[in-house]
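K.L.:
Sharing a structure, written as structure tokens. Questions coming.
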């Protein structure tokens, strides 16, 4: 397998991401809006891995992930990608999200010492969100919960 902290083994990333506009339909000061995802009313600022190189690197070698941050992997079609914990320095939760924007599976508290074990969703997904370990439990995130994506227009 190619190097990288959390690596996918299916499909290539897409170049475009879901977008939404504000409810009033207004432009917001022409300032870029950081990409975010909202789950159970909690907003996470996203780092989006677009290229194969970025996806291969993932969270590899990092010491931590900010408290209200996540890393999002996007696929051009539904798949059952595999992730691993190669060169990880901290545990994470992986939230597997279907094309309908609902959580289809959650892999909790994946420790770095699980490498080379592979982790897969139980169903097809189009998005994979990595967050700090125990985040899903802390915010009572469960399978079936809706995920709202908000990206710069």
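Each value in this text was obtained by applying a stated rule to the coordinates, not by laboratory testing. Predicted model, so just to flag it, every value in this text is computed and none were measured. Here the Cβ is made from the backbone with ideal geometry for all residues, glycine too, and neighbour counts use every protein chain on show.
K.L.:
Expressed in whole Å with the largest first, what are the equivalent ellipsoid semi-axes of region 36-150 derived from the C-alpha gyration tensor as the square root of 5 times each eigenvalue?
P.N.:
19, 16, 14
K.L.:
Residues in region 32-58 near a label at residue 138, defined as backbone nitrogen under 12 Å from the 7 Å Cα→Cβ point?
P.N.:
Hits in region 32-58 for residue 138 at 12 Å: 43-44.
K.L.:
Would you give the gap between the C-alpha center of region 100-144 and the C-alpha center of region 47-96, rounded to a whole Å?
P.N.:
Between the Cα centres of region 100-144 and region 47-96 lies a distance of 11 Å.
K.L.:
By how many nm would the segment from residue 50 to residue 67 grow when fully extended, if each residue of separation counts as 0.36 nm and the alpha-carbon distance is taken off?
P.N.:
Working it through step by step, the gained length comes to 3.9 nm.
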